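Asks: Quick one: the structure is below, questions incoming.
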Amino acid sequence: MSLDPVLVMKGQDPMPNTCPPASNGDSKASWEDSKDIHENTAATKKPKSTNLYTCDVEVDMKCHFMKGPVRRARKVEGGIFFPKPENAVTIAVSSRVLFRTEKEQIVFEQQGIEEYLRYQVEHENEPFAPGPAFPFVKALETVNTRLRELYPESEELFDIVLVTYNHAHVGVRLINTINYHNLFIERFCMTGGTSPIGYLKAWHTNLYLSADTEKVQEALAEGIAAATMFMSDKQIEVSETQLRVAFDGDAVLFSDESERIFKAHGLDKFFEHERENENTLLDHGPLKSFLELLGKLQKKFYAKGHRLDCPIRTYLVTARSAASSGIRALKTLRAWGLETDEALFLAGAPKGPMLEKIRPHIYFDDQMFHVEGAAEMGAIAAHVPYGIAQKYPHKKSTNTSK
């Protein structure tokens, strides 16, 4: 199975059946067709803290049976505030992975920037359909809701930044789409074609998801956790109440040290190396910091007695063998003060069937054949272009080192 960032994904529309579905640019219907929209606005009380960004407006919009799509404004209760970037877990998401923009991408590639901008303005009242990162972002918002219930004035929340190469003119359509899907995204970064990497650092970005592998590699080189997401032709349903994040081991949570041994000297030498270094910690990989942040938020739920119903669950899914090479990975995580809720050592077995059962909102792996295997089962997977594996062809193998 071959994946490409601009291939079509048959994503599910999360909106209720009473709301007509969003389009990816093909529908001629617009929010302007909706005539019977009711909005109620009322001031809300600000949080006690004086150093928070506050939102003082409550907007509730009903959805009616209509021929055209109906714009839905988010409902804000209790004075929702925006955490400062240095205190939040900042997730930067490209518009090309949050929404389906494949038709617009074709216009850009075939007709150029001016025709692309004209097309976007002409269709700015047509919402984009959900892309591969959409379920992940919705799950982040679910966690935020639970955190706000337990810690009303805490700034330790997920903060989502929409990052796009688009010109500011396209911002109107993006804002309309965000409101249509009732997403809580207020921070935008529209770079007009320039690299967003410098802005990512200014936002204190903890994770960057994009369809552009080169930009993902730039982010990784700057020490920012990052991964490439893809449009797939199949996607399984995921939990609406619990964020599930799965990680590969080597070259994702850990460095590619052991992977290099395997690539250079084979499986037997790899096992020997792991036995000899069982008590030597692996160095950190590019996604270790993100697991660390997830663990920190999990402990906030544990502290309030919510270990068993924690809305965050993490998984280690590795091709390592448990007895032969798994112990070093587990000892490393323990020494870091980290843990995953579940650990699957597959000893070279395909990861796709396991991921189909886990149903993660996102799975991170450094090897494309594992990403493709996950996608074949409908699991949402992202490629981390890091480490020695990037120098080898992306093809299925019997690699059991990671």
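The values are calculated or read from the model by the stated rules, or taken from the named source; none is laboratory data. Model, not experiment: these values are computed from the prediction. All Cβ positions, even for glycine, are placed from backbone atoms using ideal geometry, and neighbour counts span all protein chains on display. Accessible surface is based on the protein model in full, side chains and every heavy atom, while ligands, DNA and RNA are left aside. Shrake-Rupley method; radii C 1.70, N 1.55, O 1.52, S 1.80 Å.
Asks: So, in region 197-236, of the ones that are assigned to a helix (DSSP H, G or I) and closer than 24 Å to A129 by Cβ, which residue ends up least open to solvent (accessible area, probe 1.4 Å)?
Replies: Across region 197-236, the extreme among qualifying residues is V216.
Asks: Continuing with the same structure: Among the residues of region 307-332, how many are under 25 Å from A139 (Cα atoms) and among the hydrophobic types (A, V, I, L, M, F, W, C)?
Replies: Summing the residues that are under 25 Å from A139 (Cα atoms) and among the hydrophobic types (A, V, I, L, M, F, W, C) in region 307-332 gives 5.
Asks: In region 174-196, which residue that is under 17 Å from H123 (Cα atoms) and under 17 Å from the mean Cα position of the chain (by Cα) is surrounded by the fewest Cβ atoms within 10 Å (Cβ to Cβ)?
Replies: Checked region 174-196; the qualifying residue surrounded by the fewest Cβ atoms within 10 Å (Cβ to Cβ) is I178.
Asks: If we scan region 244-264, do we find a residue that is on the phi > 0 side of the Ramachandran plot and open to solvent by less than 30 Å² (accessible area, probe 1.4 Å)?
Replies: yes
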